[in-house]
Structures are given as structure tokens and as C-alpha cells.
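> Before I ask anything, let me first share the structure, which is written out below as C-alpha cells.
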Amino acid sequence: MLDKKLFLNYKGSQKQKTSVPPNPLVEFASSWRIAWGKTEEIEDKTGWREGQLAIICSNQNAQINISHSEKFVVVGDVWLSNRLELLAKLGISANSWEGCDRQLVAQLWERWEVECLPLLVGMFAFAVWDRERQVLRVARDRTGARTLYYTNVGATRWIGSQLGAIAPYHSRAIDLTALRDYLCCSFVPGDRTLWQQVRELRPGTVLSFPDQLPQQAGCLSHNISAYWELREQLVETEQSLEWHGAKLRCVLDEVVREYLPANQPVGVFLSGGLDSSCIAALAAQFCDRPIHTYSIHFGEECANELEFSSLVARHCQTQHHILEISFRDMWEKLPETMAYLDDPIGDPLTVPNLLLGKMARQSVEIVLNGEGGDPCFGGPKNQPMLINSLYNSITNLDSLAAYLISFQKCAADLPQLLKPEVLAAVKTEPSVFSEDLNSTANYLNRLMALNIKFKGADQILTKVNNLTQAAGLHGRSPLFDQRIVDLSMTVPPEYKLSGVVEKAVLKQAVANLLPAQILDRPKSGMMVPVQLGFKKFWQREARGLLLSKKAAIAPYFNQSLIGKWLDYEGDTWGRYGVKLWLLTSLELWLQANK
């Protein structure tokens with residue numbers, strides 16, 4: 001039987017180490033972390049302690065579940081969209097089930113152990129402790145909707161769903177390769193984080209402690225294995241666009257139905273583009289109460305897409321909410337926003353995402369978004385790479401250099417921006433993108449795989465996860481559902497980016513749901529006016545922040561180049577604002593975390 005002493009008294013020690021990172025603004029929606037290895041001296045609020053394992057969480061009853069046999073202990077964040085199917089596999093009546101999704105994982109694990117992972121559909125990051133074998137396994141969902149981090153050195157390894165939860169247990173030494181990649185992409189791709197001693201578990205993988213191989217003396221070994229991989233699997237290539245569109249529509253209907261909450265209102269972030277508009281239309285079709293939609297604009301000085309978002313709101317008969325975000329809001333809310341992010345993200349939409357989330361929380365607890373349409377179905381950002389593949393004999397750019405430049409961030413500036421010693425340290429470090437760029441898949445599908453695996457998991461979904469939780473929301477991204485992602489890799493590339501028609505198969509799938517003005521308009525993207533912001537409103541503050549000798553970025557960057565950017569010297573293509581926002585976001589993130 002279960003030893004009740006394994007659940008330790010929370011009120012014990014007054015010498016507890018804090019799980020809260022240095023910035024007091026951050027409160028984690030689900031604060032849990034695990035210590036593996038040497039755990040005897042841990043004084044935190046321990047929800048479970050056994051052998052080499054200690055689970056620390058704010059509420060053991062709400063965050064830890066135990067299987068019926070008491071063999072497996074499960075902790076983590078789990079939301080399963082196919083719970084009815086899973087209950088049926090277990091022979092459990094849905095009407096009799098009163099447990100949470102994490103308890104459902106505990107029962108599935110008892111039946112099939114790690115083999116149950118391919119059955120799970122949804123968003124999850126959880127750990128399972130095998131009490132008999134004394135083995136810890138940590139798993140992450142296929143597309144990366146939830147995050148998991150772990151330390152990779154020391155006699156005690158720490159694991160948590162937020163980087164800040166394990167912040168007290170690793171050094172603040174920066175991973176220079178991760179810094180290089182952030183400058184190129186505006187996020188940190190792959191398993192690296194900005195900290196040398198912390199890694200991110202990749203989507204669709206399982207981390208096991210200890211490794212089954214013999215351990216070296218004094219080392220804690222671990223093993224990582226994949227239970228799912230994103231692969232091109234083209235099927236029915238002779239079928240028409242209409243056929244593939246109908247197949248996609250069936251899956252879209254299924255996914256959105258499952259993502260809608262029962263008996264409560266739901267919101268949709270609505271830009272007026274194809275992706276968010278189709279999610280709003282599908283939600284309105286299946287929901288038995290009015291949908292709340294939320295849009296933003298940046299004032300009279302800036303172009304906006306309210307014409308299109310309002311058109312969709314009227315068409316779908318939603319309760320539409322519009323938020324004006326001022327330049328002052330953008331600057332003043334950036335420190336708070338960066339403090340909520342696990343790794344720095346230099347996308348100018350971070351602040352608008354947080355502010356819109358706070359607005360949405362006044363009327364809903366669950367909000368859907370249209371993230372995923374571009375990575376899965378061939379958005380316009382693939383076009384520069386496709387052009388380079390045709391004309392690289394003229395541009396003289398290899399595929400990796402072209403891919404990094406396509407982000408339009410700081411890839412071309414690294415020799416001037418990085419200090420010589422930093423540049424020398426990272427110049428020959430391999431890129432996480434090389435394997436997919438050089439695969440044998442169709443070229444467009446290679447680009448899409450990169451965008452799904454890295455931009456999707458490491459920027460888009462991490463941003464959604466962090467900032468909706470910060471606003472007190474549960475954010476869901478139907479177009480990044482694993483079924484949509486898998487299906488996208490079966491569609492012939494010519495039905496994705498068809499000539500100048502972007503996302504042709506998605507447009508075909510939802511053609512009867514949306515006005516022609518939405519289906520036929522070219523994608524413009526949500527343009528956050530950071531170029532104007534730095535020129536007219538933030539220049540003095542940015543100068544003091546980025547050019548200070550005490551700046552956190554000062555040891556790594558050539559501040560004289562940043563000064564030229566702040567003066568807009570030679571800004572032929574109007575890109576300095578984006579670069580300055582990326583650097584400002586990094587500086588504030590480092591300040592919050594150091």
C-alpha cells in the first residue's frame with residue numbers, strides 16, 4: 001500500500017528556497033518541479049519524496065496523481081482532447097469518470113506504460129515516476145504546446161514546465177550559440193536555452209532517468225527517445241485540390257469541436273487574416289453560445305486590419321472586442337511581458353498578445369487562436385526561400401544562410417554586432433536547422449518542417465503557453481493540433497503554396513465559411529509599428545537601456561553599431577526597428593532573470 005509518509009508536511013521548514021524567479025511579477029499557473037539524484041538536503045515544499053526523487057509543487061492534491069495499483073506517480077500539465085476515446089480504450093464509462101486528465105494518464109500508463117504516449121492527443125508536459133523500477137520518465141506533446149526544461153549538469157538534476165521554476169538551481173552562464181541563434185531568429189531554436197546548464201525537451205520525445213546504459217562513476221545519466229517524428233508522407237497525390245480540402249475540413253471540424261469548452265463562453269483572437277478567421281467561423285458554427293472575438297490596433301497613425309476582423313465578426317455574429325494599444329503601452333509593458341517568457345522572444349507581438357489576453361480574461365477563460373496556418377499550409381514567408389532555391393547561382397547563398405536571412409533579423413549583422421571573442425566562439429558551431437534543410441523531402445515541405453518544429457514549438461506555441469497563462473487563460477491552437485500537422489505533411493506541396501495562391505488547401509477547406517474578401521485578400525500579417533516606435537517615441541529610453549556600460553548585453557555586443565541603429569543611419573530597408581525591438585526584449589529578459 002501507499003506509504004502516506006511519502007507526502008510530506010508542507011508547513012515544515014521556514015528555510016524554504018523560493019521557486020519564484022527574481023522578477024516578482026511572475027506567478028506560475030502550474031508551479032511544479034522535480035529533483036532527481038541527490039535530494040537529501042532539499043528543503044522546498046515536497047509533495048513526494050522517494051529514493052532519488054523529490055517532487056515539489058504548490059498543491060499536492062491538485063498536481064499529483066497516483067495509478068490504481070499505486071505503482072506510478074504522475075505530475076504535470078495535461079489537457080487531452082480525446083479523453084472520451086481514451087476512456088473507451090480503458091473500458092471506463094465517460095459518465096462514471098470523475099478524474100482529471102492527469103489521472104487518466106496514470107491509468108493509461110498502468111496499462112501500457114510508455115507505449116500509451118502515441119494514444120494521447122492534446123497538450124501536455126508531465127513526468128511519471130515508476131516506484132518499482134525507480135525510473136523517472138518525462139514526456140512532452142508532439143507539437144510543443146506545453147514546455148519542459150531540465151538541467152544537464154550536477155549531482156541533482158532539476159525538471160520543470162517553466163524555466164523560472166528551476167531558476168534557483170543553475171548558473172547564469174549564457175549559451176553563446178543560443179545567443180547567436182536568438183539574434184538570427186528572435187527566439188532560441190532546438191533543445192538549447194539561453195542558459196548553458198538548461199536544456200528544453202523537444203516535442204514528441206521522452207526523457208528517462210536513469211539511462212538504461214551503464215553509468216560512468218559520479219555521473220547522472222539520462223536518455224532521450226522520440227515517440228513521434230514529423231515526416232513527409234505524401235498520399236493520394238493524384239487527387240484534386242477539392243478532395244484534399246474536403247479531407248482537411250473533416251479534421252478541422254473534429255479538432256475545433258474538441259477544443260471548445262462545454263457550457264462556458266470561449267474567445268478567439270481575431271486578426272482578420274485567413275487563419276484566425278477560419279477558427280472563429282468554425283467555433284461559431286459549433287458553439288451553442290455567442291463567441292467572443294478580440295482584435296487590436298495601434299492608433300490613428302498606424303495601418304490596421306480592423307476592416308477585415310470586424311467583417312468576420314459580423315459574418316460570424318460574435319461579440320467583438322477591440323483593444324487600442326498605444327506606443328506607451330508597448331514600451332511600459334515590455335518588461336512585464338519578458339518576465340513571463342521562459343526564453344526571450346523578440347517578436348513584437350509579445351506585448352499585444354499579453355494585453356489582449358488580459359482583456360479576454362474579463363469575459364472568458366479559454367481562448368482559441370489561428371496560429372499554425374502559415375507553418376502547416378505554406379504561408380508567404382516561404383517564398384523568399386523558394387526564390388533563392390531557383391536563383392542561388394545568382395545570389396550565391398547556401399540554403400542555411402538564405403534561411404537565416406529570411407527571418408529578416410540580425411543574421412547578416414553578426415560579424416559587426418558580436419564582439420570578436422563571441423563571434424569566434426560561435427562561428428563554427430553547427431546550426432540546428434541543417435538536418436531538415438538538407439533532408440530528401442520536397443523543398444517546400446522541408447521549410448514547413450523547420451517552421452513547425454522550431455518556429456512553432458520554440459516561438460509561437462511557447463509564446464501562447466506563457467502569455468495566456470500569465471493572463472489567467474487557457475490558450476488553445478487548433479491549427480497546431482497534431483492531427484492537422486500530420487495531415488499537412490500528406491498534402492501535395494502544390495496544393496499549399498500554389499503559384500501565388502497561399503495556403504490553397506486551407507482556403508479550399510473553409511471556402512463556404514468565410515466572405516470572399518477574407519479568402520481572396522493577400523496575407524499582410526500583423527504589423528506592429530516598432531519602426532515608428534523607436535523613431536518617434538522610444539529612442540531616448542532605448543538609448544539609455546541598450547548603450548549603458550552596465551547593460552546585460554554589453555559584454556557580448558558592439559554597442560557602437562546599436563547606436564547607429566538608434567540613429568537610423570543607413571536604414572535602407574526599414575528594418576532597424578525590428579532589430580532594436582529584438583535587442584530591447586533580450587536586455588529586459590536578461591534583467592528580469594539575472
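The values are calculated or read from the model by the stated rules, or taken from the named source; none is laboratory data. Since the model is a prediction, treat every value here as computed from it, not as a measurement. All Cβ positions, even for glycine, are placed from backbone atoms using ideal geometry, and neighbour counts span all protein chains on display. Only protein heavy atoms, including side chains, enter the accessible area calculation; ligands, DNA and RNA are left aside. Shrake-Rupley method; radii C 1.70, N 1.55, O 1.52, S 1.80 Å.
Yes/no per residue for (1) surrounded by 20 or more Cβ atoms within 10 Å (Cβ to Cβ); (2) out of contact with any Lys or Arg (no Cβ under 9 Å at 6 or more places or on another chain); (3) basic (Lys, Arg):
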residue	(1), (2), (3)
246	no, yes, no
255	yes, no, no
274	yes, no, no
279	yes, yes, no
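> Counting only residues that are more than 16 Å from the chain's Cα centre (by Cα), within 27 Å of residue 183 (Cβ to Cβ) and charged (D, E, K, R), which one in the stretch 329-362 is least open to solvent (accessible area, probe 1.4 Å)?
Filtering the stretch 329-362 for residues that are more than 16 Å from the chain's Cα centre (by Cα), within 27 Å of residue 183 (Cβ to Cβ) and charged (D, E, K, R), the one least open to solvent (accessible area, probe 1.4 Å) comes out as 336.
> Within the set of pairs 6+ apart or on separate chains, which have a first residue in the stretch 415-433 that is of a type in the set (Gly, Ala, Ser), a second that is outside any loop (DSSP other than H, G, I, E, B), and C-beta atoms under 6 Å apart?
Close Cβ pairs satisfying both conditions: 425/176; 431/400.
> Quick one: count up the residues across the stretch 151-161 that are open to solvent by 10 Å² or more (accessible area, probe 1.4 Å) and touching a strand residue (DSSP E or B) at 6+ places or on another chain (Cβ under 8 Å).
Keep residues of the stretch 151-161 that are open to solvent by 10 Å² or more (accessible area, probe 1.4 Å), which gives 152-158.
Filter once more, so that each one left must be touching a strand residue (DSSP E or B) at 6+ places or on another chain (Cβ under 8 Å): 152, 154-158.
Residues that pass the stated criteria total 6.
> Taking the stretch 478-492, which residues are more than 14 Å from the chain's Cα centre (by Cα) and closer than 20 Å to residue 266 by Cβ?
483, 484
> Before we move on, is residue 458 acidic (Asp, Glu), open to solvent by less than 20 Å² (accessible area, probe 1.4 Å) and closer than 21 Å to residue 403 by Cβ?
On the way: acidic (Asp, Glu): yes; open to solvent by less than 20 Å² (accessible area, probe 1.4 Å): yes; closer than 21 Å to residue 403 by Cβ: yes.
Judged against the criteria, residue 458 is a match.
> Something else: Can you name every residue in the stretch 190-211 that is part of a strand (DSSP E or B) and of a type outside the set (D, E, K, R)?
Answer for the stretch 190-211, where residues must be part of a strand (DSSP E or B) and of a type outside the set (D, E, K, R): 195, 198, 205, 206, 207, 208, 209.
> All but one of (1) under 23 Å from residue 354 (Cα atoms); (2) of a type outside the set (A, V, I, L, M); (3) part of a helix (DSSP H, G or I) hold for residue 540; state the number of the condition that does not hold.
Evaluating residue 540 over (1) under 23 Å from residue 354 (Cα atoms); (2) of a type outside the set (A, V, I, L, M); (3) part of a helix (DSSP H, G or I) leaves (1) as the failure.
> Of all residues in the stretch 511-537 being over 27 Å from residue 312 (Cα atoms) and touching a residue at least 60 places away in the same chain (Cβ under 8 Å), which is most open to solvent (accessible area, probe 1.4 Å)?
Per the criteria, the residue is 536.
> So residue 463 passes all but one of these: (1) open to solvent by 10 Å² or more (accessible area, probe 1.4 Å); (2) within 20 Å of the chain's Cα centre (by Cα). Which condition number does it fail?
(1)
> Hand me the list of strands (runs of 3 or more DSSP E) wholly inside the stretch 102-180 holding 1 or more residues that are acidic (Asp, Glu) and over 25 Å from the mean Cα position of the chain (by Cα).
Those strands (runs of 3 or more DSSP E) span 122-130.
> While we're on this one: (1) touching a residue at least 24 places away in the same chain (Cβ under 8 Å); (2) assigned to a loop (DSSP other than H, G, I, E, B); (3) farther than 23 Å from residue 349 by Cα: which one isn't true of residue 508, the others all being true?
(2)
> Moving to a separate point now. Within the stretch 248-263, is even one residue modelled with pLDDT under 95, more than 22 Å from the chain's Cα centre (by Cα) and not acidic (Asp, Glu)?
yes
> Considering 108, 183, 136, which residue is surrounded by 22 or more Cβ atoms within 10 Å (Cβ to Cβ), more than 29 Å from residue 371 (Cα to Cα), modelled with pLDDT of 95 or more and touching a Cys at 6+ places or on another chain (Cβ under 7 Å)?
108
> Only one residue in 449, 425 is surrounded by fewer than 19 Cβ atoms within 10 Å (Cβ to Cβ) and not hydroxyl-bearing (Ser, Thr, Tyr), so which one is that?
425
> Which one of the conditions (1) under 18 Å from residue 513 (Cα atoms); (2) without any contact (Cβ under 8 Å) to a residue 24 or more places away in the chain does residue 300 fail to meet, given that it meets all the rest?
(1)
> What is the number of the single condition among (1) free of Cβ contacts under 8 Å to residues at least 40 places away in the same chain; (2) open to solvent by 40 Å² or more (accessible area, probe 1.4 Å); (3) not in a helix (DSSP H, G or I) that residue 264 does not meet?
(1)
> Scan 121, 135, 105, 114 and give me the residue that is touching a strand residue (DSSP E or B) at 6+ places or on another chain (Cβ under 7 Å) and more than 30 Å from residue 460 (Cβ to Cβ).
Details: 121 fails: more than 30 Å from residue 460 (Cβ to Cβ); 105 fails: more than 30 Å from residue 460 (Cβ to Cβ); 114 fails: more than 30 Å from residue 460 (Cβ to Cβ).
Step by step, each of 121, 135, 105, 114 is checked, and only 135 is touching a strand residue (DSSP E or B) at 6+ places or on another chain (Cβ under 7 Å) and more than 30 Å from residue 460 (Cβ to Cβ).
> Provide a single number: the residues in the stretch 24-68 that are touching an Asp or Glu at 6+ places or on another chain (Cβ under 8 Å), open to solvent by less than 80 Å² (accessible area, probe 1.4 Å) and modelled with pLDDT under 90.
1
> So, one more: I'd like the residue in the stretch 78-101 that is open to solvent by less than 50 Å² (accessible area, probe 1.4 Å) and assigned to a helix (DSSP H, G or I) and, out of all such residues, is nearest to residue 146 (Cα to Cα).
101
> When you scan the stretch 218-237, do you find a residue that is surrounded by 14 or more Cβ atoms within 10 Å (Cβ to Cβ), in a loop (DSSP other than H, G, I, E, B), without any contact (Cβ under 8 Å) to a residue 60 or more places away in the chain and not basic (Lys, Arg), even just one?
As a first pass, look at the stretch 218-237 and keep what is surrounded by 14 or more Cβ atoms within 10 Å (Cβ to Cβ): 220, 222, 224, 227-228, 230, 232.
Add one more test, that the residue is in a loop (DSSP other than H, G, I, E, B), and what stays is 220, 222, 227-228, 230, 232.
Imposing the further condition that a residue be without any contact (Cβ under 8 Å) to a residue 60 or more places away in the chain reduces the set to none.
No; the residues of the stretch 218-237 include none that is surrounded by 14 or more Cβ atoms within 10 Å (Cβ to Cβ), in a loop (DSSP other than H, G, I, E, B), without any contact (Cβ under 8 Å) to a residue 60 or more places away in the chain and not basic (Lys, Arg).
> Give the residue that is farthest from residue 80 (Cα to Cα), with candidates limited to residues of the stretch 482-507 that are of a type in the set (S, T, N, Q) and touching a Lys or Arg at 6+ places or on another chain (Cβ under 8 Å). Please lay out each step first, then the result.
So the first thing to find is which residues in the stretch 482-507 are of a type in the set (S, T, N, Q), and the list is 482, 488, 490, 498.
From what's left, touching a Lys or Arg at 6+ places or on another chain (Cβ under 8 Å): 482, 488.
Details: 482: 12, 488: 21 Å.
Restricting to residues being of a type in the set (S, T, N, Q) and touching a Lys or Arg at 6+ places or on another chain (Cβ under 8 Å), the top hit is 488.
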